[in-house]
1. I'm trying to understand the selection: among the residues of segment 55-68, which are of a type in the set (A, V, I, L, M) and either surrounded by 24 or more Cβ atoms within 10 Å (Cβ to Cβ) or within 16 Å of the ligand (Cβ to nearest atom) (or both)?
2. Restricting attention to segment 105-123, which residues are buried (at least 20 other Cβ atoms within 10 Å of the Cβ) and in contact (Cβ under 8 Å) with a residue 40 or more places away in the chain?
3. Hey, among the residues in segment 15-25 that are open to solvent by less than 90 Å² (accessible area, probe 1.4 Å) and not in a helix (DSSP H, G or I), which one's farthest from V123 (Cα to Cα)?
4. Would you please name the residue that is surrounded by the fewest Cβ atoms within 10 Å (Cβ to Cβ), looking only at residues in segment 124-142 that are within 16 Å of the ligand (Cβ to nearest atom) and in contact (Cβ under 8 Å) with a residue 60 or more places away in the chain?
5. Would you please name the residue that is farthest from the ligand (Cβ to nearest atom), looking only at residues in segment 69-78 that are more than 10 Å from R20 (Cα to Cα) and open to solvent by less than 10 Å² (accessible area, probe 1.4 Å)?
6. Among the residues of segment 6-13, are any away from the ligand (no atom under 16 Å from the Cβ) and either free of Cβ contacts under 8 Å to residues at least 12 places away in the same chain or assigned to a strand (DSSP E or B) (or both)?
7. Pick from segment 29-54 the residues that are part of a loop (DSSP other than H, G, I, E, B) and touching a residue at least 60 places away in the same chain (Cβ under 8 Å): which of them is farthest from the ligand (Cβ to nearest atom)?
Amino acid sequence: MAGVRTLYQEAILDHSKAPRNFGKLAGANRHASRENPLCGDEIELYLKLDGDRIVDVAFEGEGCALAVASASMMGEILKGKTVSEAEALSQSFGALVRHGLADPSALGPLAAFAPVSQFPARVECARLAWHALASALTESNE
Ligand code: ZN
(Lines give C-alpha, C1' and ligand atoms only; values in the text may rest on other atoms or scores of the structure.)
Protein backbone atom coordinates (compact mmCIF):
# COMPACT_ATOMS: atom_id res chain seq x y z
CA MET A 1 0.00 0.00 0.00
CA ALA A 2 1.27 3.44 -0.89
CA GLY A 3 2.10 5.70 2.05
CA VAL A 4 0.17 8.80 3.00
CA ARG A 5 3.10 10.91 1.88
CA THR A 6 2.24 9.81 -1.66
CA LEU A 7 -1.34 10.90 -1.11
CA TYR A 8 -0.59 14.38 0.17
CA GLN A 9 1.16 16.01 -2.72
CA GLU A 10 2.68 19.45 -2.13
CA ALA A 11 -0.19 21.24 -3.91
CA ILE A 12 -2.77 19.43 -1.79
CA LEU A 13 -1.05 20.41 1.46
CA ASP A 14 -0.75 23.99 0.25
CA HIS A 15 -4.45 24.31 -0.66
CA SER A 16 -5.62 22.55 2.51
CA LYS A 17 -3.58 24.87 4.75
CA ALA A 18 -4.55 28.04 2.88
CA PRO A 19 -7.82 27.36 1.04
CA ARG A 20 -8.56 29.78 -1.81
CA ASN A 21 -12.00 31.37 -2.17
CA PHE A 22 -12.99 30.39 1.36
CA GLY A 23 -16.09 32.09 2.76
CA LYS A 24 -19.47 33.24 1.52
CA LEU A 25 -19.83 34.70 -1.93
CA ALA A 26 -21.56 38.04 -2.39
CA GLY A 27 -23.89 37.87 -5.37
CA ALA A 28 -23.92 34.07 -5.54
CA ASN A 29 -26.92 32.78 -7.49
CA ARG A 30 -26.34 29.07 -6.94
CA HIS A 31 -25.39 27.12 -3.90
CA ALA A 32 -25.38 23.57 -2.64
CA SER A 33 -24.11 21.75 0.40
CA ARG A 34 -22.92 18.18 0.51
CA GLU A 35 -21.40 16.00 3.16
CA ASN A 36 -19.32 12.88 3.20
CA PRO A 37 -20.37 10.98 6.33
CA LEU A 38 -17.58 8.43 5.83
CA CYS A 39 -15.04 11.07 6.79
CA GLY A 40 -17.06 13.90 8.33
CA ASP A 41 -16.36 16.35 5.52
CA GLU A 42 -18.89 19.12 4.89
CA ILE A 43 -18.76 21.60 2.04
CA GLU A 44 -21.09 24.45 1.16
CA LEU A 45 -20.41 25.71 -2.33
CA TYR A 46 -21.42 29.07 -3.80
CA LEU A 47 -21.38 29.92 -7.47
CA LYS A 48 -22.03 33.08 -9.38
CA LEU A 49 -23.24 32.31 -12.86
CA ASP A 50 -23.51 34.82 -15.67
CA GLY A 51 -25.55 33.05 -18.33
CA ASP A 52 -23.82 29.70 -18.61
CA ARG A 53 -20.44 30.96 -17.43
CA ILE A 54 -19.13 30.53 -13.89
CA VAL A 55 -17.75 33.93 -12.96
CA ASP A 56 -17.04 33.37 -9.27
CA VAL A 57 -16.80 30.52 -6.78
CA ALA A 58 -16.45 30.26 -3.01
CA PHE A 59 -16.93 27.60 -0.38
CA GLU A 60 -17.29 27.12 3.35
CA GLY A 61 -17.13 24.08 5.51
CA GLU A 62 -14.66 21.78 7.09
CA GLY A 63 -13.12 18.50 6.27
CA CYS A 64 -9.94 16.58 5.79
CA ALA A 65 -7.02 17.90 3.75
CA LEU A 66 -8.26 16.18 0.59
CA ALA A 67 -11.79 17.57 0.82
CA VAL A 68 -10.63 21.12 1.51
CA ALA A 69 -7.83 21.09 -1.06
CA SER A 70 -10.19 19.70 -3.68
CA ALA A 71 -12.77 22.44 -3.07
CA SER A 72 -10.07 25.12 -3.08
CA MET A 73 -8.43 23.93 -6.29
CA MET A 74 -11.78 23.34 -7.98
CA GLY A 75 -12.80 26.95 -7.33
CA GLU A 76 -9.61 28.28 -8.87
CA ILE A 77 -10.07 26.19 -11.97
CA LEU A 78 -13.79 26.81 -12.48
CA LYS A 79 -13.64 30.58 -12.69
CA GLY A 80 -14.34 31.61 -16.24
CA LYS A 81 -15.43 28.14 -17.35
CA THR A 82 -18.80 27.44 -18.93
CA VAL A 83 -21.19 24.99 -17.30
CA SER A 84 -20.43 22.35 -19.92
CA GLU A 85 -16.67 22.81 -19.49
CA ALA A 86 -17.15 22.42 -15.72
CA GLU A 87 -19.18 19.24 -16.21
CA ALA A 88 -16.50 17.78 -18.50
CA LEU A 89 -13.82 18.59 -15.91
CA SER A 90 -15.90 16.95 -13.21
CA GLN A 91 -16.13 13.77 -15.32
CA SER A 92 -12.38 13.70 -15.90
CA PHE A 93 -11.63 14.42 -12.24
CA GLY A 94 -13.97 11.61 -11.17
CA ALA A 95 -12.17 9.21 -13.50
CA LEU A 96 -8.78 10.40 -12.23
CA VAL A 97 -9.51 9.74 -8.55
CA ARG A 98 -11.48 6.52 -9.07
CA HIS A 99 -9.20 4.67 -11.42
CA GLY A 100 -6.51 7.00 -12.67
CA LEU A 101 -5.98 8.50 -16.10
CA ALA A 102 -3.38 7.62 -18.72
CA ASP A 103 -2.35 11.27 -18.82
CA PRO A 104 -3.24 13.07 -15.57
CA SER A 105 -1.25 16.13 -16.66
CA ALA A 106 -4.14 16.98 -19.01
CA LEU A 107 -5.98 18.04 -15.86
CA GLY A 108 -3.35 20.63 -14.92
CA PRO A 109 -3.04 21.22 -11.17
CA LEU A 110 -5.81 18.69 -10.49
CA ALA A 111 -3.28 16.00 -11.43
CA ALA A 112 -2.05 16.31 -7.83
CA PHE A 113 -5.06 14.15 -6.93
CA ALA A 114 -3.93 11.20 -9.06
CA PRO A 115 -2.64 9.18 -6.04
CA VAL A 116 -6.16 9.17 -4.56
CA SER A 117 -7.04 6.30 -6.92
CA GLN A 118 -4.79 4.11 -4.74
CA PHE A 119 -6.84 4.99 -1.64
CA PRO A 120 -10.44 3.97 -2.42
CA ALA A 121 -11.67 5.03 1.03
CA ARG A 122 -10.65 8.61 0.25
CA VAL A 123 -12.19 8.99 -3.20
CA GLU A 124 -15.35 10.59 -1.83
CA CYS A 125 -13.26 13.15 0.09
CA ALA A 126 -11.73 14.31 -3.17
CA ARG A 127 -15.05 14.26 -5.02
CA LEU A 128 -17.17 16.02 -2.40
CA ALA A 129 -16.79 19.55 -3.79
CA TRP A 130 -17.47 18.24 -7.30
CA HIS A 131 -20.68 16.57 -6.10
CA ALA A 132 -21.67 19.92 -4.61
CA LEU A 133 -20.90 21.53 -7.96
CA ALA A 134 -23.18 19.10 -9.76
CA SER A 135 -25.99 19.86 -7.29
CA ALA A 136 -25.46 23.61 -7.59
CA LEU A 137 -25.55 23.44 -11.38
CA THR A 138 -28.58 21.19 -11.74
CA GLU A 139 -30.90 21.93 -8.84
CA SER A 140 -33.14 24.91 -9.00
CA ASN A 141 -31.92 27.25 -6.31
CA GLU A 142 -34.73 29.04 -4.63
ZN1 ZN B 1 -12.33 13.43 4.01
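1. V57, A65, L66, A67, V68
2. Selection gives A112, F113, P115, V116, R122.
3. Top of the filtered list is L25.
4. H131
5. In this case the residue turns out to be L78.
6. no
7. It comes out as N29.
The values are calculated or read from the model by the stated rules, or taken from the named source; none is laboratory data. Just so it is clear, the structure is predicted and the values come from calculations on it, not from any experiment. Methodologically, a virtual Cβ is constructed for each residue, glycine included, from the backbone with ideal geometry; neighbour enumeration extends over all protein chains shown. In case anyone asks, the SASA skips ligands and DNA or RNA and just uses the protein heavy atoms, side chains included. Shrake-Rupley method; radii C 1.70, N 1.55, O 1.52, S 1.80 Å.
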